[in-house]
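This report concerns only the one structure given below.
The values are calculated or read from the model by the stated rules, or taken from the named source; none is laboratory data. Bear in mind the structure is a predicted one, so any value in this text is a computation, not a measurement. FYI the Cβ positions are ideal-geometry reconstructions off the backbone, even for glycines, and counts take in every protein chain you see. Surface areas here come from the heavy atoms of the whole protein model, side chains and all, with no ligands, DNA or RNA. Shrake-Rupley method; radii C 1.70, N 1.55, O 1.52, S 1.80 Å.
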Amino acid sequence: MGGRWKSAGTRRVRAPAAAYGEMPTHVEPELATLVDRTPAGGDWSYEIKFDGYRMLARLDRGNVRIFTRNGHDWTARLESLTHAFASLPIENAWIDGEAVVLDANGTPDFNALQNAFDRRSTSEIVMFVFDLLWLNGTDIREQPLRARRALLRELMEHTDTPLLRFSQDFAEDPSSLVAAACKMKLEGIIGKRGDAPYRTGRSMDWIKLKCNQRQEFVVGGFSRIKGAKAGVHALLLGVHENDGSLRYAGSVKPHFHSREATSFARRADPLRQRECPFYNPPTPEKDRDYFWLAPSIVVECSFLEWTPGGEVRHAVFHAVRDDKPAAAVVEEPVVALAGAGRADADAGLTRARRNPKGTVTIGTVRVSNPGRVMDPVSGRTKLEMVRYYEAIAEWALPHLRNRPLALVRAPDGIQGQLFFQKHSERARIPGIVELPIELHPGHPPLLVANTTEALVGLAQMSVVELHTWNAVAPDLAHPDRVVFDLDPDPALPWAAMIDAASLLKVVLDEVGLRSFPKTSGGKGFHIVVPLTRRQGWDEVKDFAHAVAQHMARTIPDRFSAVMGARNRVGRIFIDYLRNSRGASTVTAFSVRARSGMAVSMPVSWEELNEVTRGDQWSMSKAVERQRRLKADPWEGYWRTQQGITAAMRRAVGMKR
């Protein structure tokens, strides 16, 4: 049975071989975003939100490792689950799910799960599996959710262990599902887009709707009845701000049983300190003694609501959490879904909340100095830029996915000093991922931005421009596009730019390469030619240079292939130099650090004559355009399969 299922599963996937060549040793999970209402429509499926520990299992020829969401290896603590996974009839896989303990009614019981770990008696822990990321040598994360779950469902039909269960999805109206989940004392439901790939980190492809507000908090101290020698009256709760500081977020009475009280005291005693860890300490009560702790212990609480001052109201203690690091605990934002009306800030953007420090929170990111004027000419503020990057993320992220970044920062606004940055240096940027150092040996880790949180985090760091490589990790040795930057003599009329872009398209069409234009957000156009990753950097750059020289030879009064202002007087320099390894081009939808803060905008060849200048679209107009468009101006870009052939090289005058 096992062998038959293996071959059937592999045949069914029809995905390219994994980009990294081998199954990854670790995978960061996809996370759901808390939202304020159910989606009005779309391709969504819904599952129960299990009250347990998120786990990912790695299976490789009988060797099983089980990891927490933060990458901690808990295999030794989950012996029974490890044996259950080892019995699956597959060669290798990554499986995502939630570990729970069920009560007599079959409902997940988080306290029972905690007790199972405390007693080191984990044989009754069940894992509900809900996603399959890798199967028999094939990376299927780019496959849509429905395809991945169909394979997972089939796999679960070929196992009889009661410890592994398939997380069923439901077709009922999501509002009814939430009501039913709340009636059953469940946490809520998870919604997932059926057509979406698996993406590391938090996104809007997965959403959660909860019965009550509930999240983790860091314990920064506790109080006792004044004069008491032992016991805990209340835990003092905190959440981290974006700069790493700890904000006091209220208190909760834990109602510990005797064994739990002893366990908490054993944890807390080594963490005692004199200094209050909160930047905004609680107001002391006269009949209480206060004890401060180094912020290390994580607890989970439910509560009625957040107060305007950033504290929880009517908190209820649930458990101490061992699976989540204290440093990662922040206030979990509630996102207002698009289409909710103009009352939600700027037509469906994330609701912002004022923090006690006078800052603004967008999603998970605390925006400092939101009113700073970035451009004195247009009056654009930092908050406007942050909101723009949040709003445009839906369209920008495909152009950024796994591409190394080069960033232009403007800490004092775009008329101040600008900083060009390729590495994280000392600042941790929310949502930004560092690539493995072996992908670019001899250099600090390169950065990629794959989530909305990353774009908002960059904007919070006063990053105005986003430039990207012409290659996608992990294969940084083979570019997947050629970029031609049409850089004009400033004295030329705009009509010359339209003609130049059109003429370059004609040449590319003639040699057999499909191309796609975008405005630069500045003076001109970028012409982008997608490639299959067959050629190396030198070959691609040489071809780009040859195209530029061919244009300059053919129409010398209009084009130059030589860099320098004097070489483009009355002409347009075709900049081919952006096609070297490590070189970068401003990405689609990036803001430009120039007066007006215009945006680099993809356009179609059919609408080229309607473009009036390279900085035509402001931030607000760019978002408005994308929401209004009925068709992608770059329709077919992601499906284009083309490479540089010998015939193409000969056509532009190359000898080889």
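Phi-derived couplings, Karplus 6.51 cos²θ - 1.76 cosθ + 1.60 at θ = phi - 60°, listed residue by residue for the stretch 472-480: 10, 5, x, 8, 8, 8, 10, x, 10 Hz, with x used for Gly and Pro. The length gained by stretching the chain between ASP36 and LYS226 to full extension, at 0.36 nm per residue less their Cα-Cα distance, is 64.3 nm. Close amide H partners of GLN213, meaning residues 5 or more places away or on another chain with modelled amide H under 5 Å apart, are PHE303.
Exactly which trypsin sites (Lys or Arg not before Pro) in the stretch 29-93 are in a DSSP loop and have at most 13 other Cβ atoms within 10 Å?
ARG61
In sequence order, the stretch 495-508 has phi-based couplings of 4, 5, 5, 4, 5, 5, 4, 5, 5, 5, 4, 4, 5, 5 Hz under the Karplus curve 6.51 cos²θ - 1.76 cosθ + 1.60, θ = phi - 60°, and Gly or Pro positions carry x. With all protein chains in place and ligands, DNA and RNA left out, the 1.4 Å accessible area ranks SER175, SER258 as SER258, SER175, largest first. Amide H to amide H distances under 5 Å link ASN242 with ARG366, where only residues 5 or more positions off or on other chains count and H is placed in the peptide plane. Dipole orientation for the chain: of the candidates LEU209, ASN63, LEU608, LEU608 has the Cα lying most toward the positive pole (charges on Cβ; Lys, Arg +1; Asp, Glu -1).
Estimated purely from DSSP H runs of n ≥ 4, each contributing -39500 (n - 2.57), the mean residue ellipticity at 222 nm for the chain is -7000 deg cm²/dmol once divided by its residues.
In this structure the amide hydrogen of ARG594, modeled in the peptide plane, comes within under 5 Å of no amide hydrogen from residues 5 or more places off or on another chain. When you filter the trypsin sites (Lys or Arg not before Pro) in the stretch 237-342 for DSSP loop state and at most 13 other Cβ atoms inside 10 Å of their Cβ, you are left with ARG274, LYS286, ARG342.
Evaluating kT/(6 pi eta Rh) at 37 °C and 0.692 mPa s, with the Kirkwood radius of the stretch 527-590 over Cα pairs in the Stokes-Einstein relation, gives 254 µm² s⁻¹. Pairs exceeding 29 Å between alpha-carbon atoms, taken from LYS208/LYS253; LYS382/LYS523; LYS49/LYS382: LYS49/LYS382.
The residues of the stretch 503-649 expose, per residue, 44 Å² of accessible area to a 1.4 Å probe.
At a 1.4 Å probe radius, carbon and sulfur cover how many percent of the accessible area of the stretch 567-645?
46 percent
Note that the stretch 384-401 has calculated 3J(HN,Hα) couplings of 4, 5, 4, 4, 4, 5, 5, 6, 8, 4, 3, 9, 7, 4, x, 7, 9, 3 Hz, one per residue in order, obtained from phi through the Karplus relation 6.51 cos²θ - 1.76 cosθ + 1.60 (θ = phi - 60°); glycine and proline are x.
The GluC sites (Glu not before Pro) of the stretch 169-241 that DSSP puts in a loop, and whose beta carbon has at most 15 other beta carbons within 10 Å, are GLU172. Expressed as a whole percent, the accessible area of the stretch 465-546 that falls on carbon and sulfur atoms is 51 (1.4 Å probe).
The P(r) of the stretch 436-514 has a tail past 21 Å containing 57 percent of all C-alpha pairs. Once you have the Cα-Cα distance between ASP489 and THR640, take 0.36 nm times their residue separation minus that, and quote the gain in nm to one decimal. Full extension of this stretch gives 51.1 nm more.
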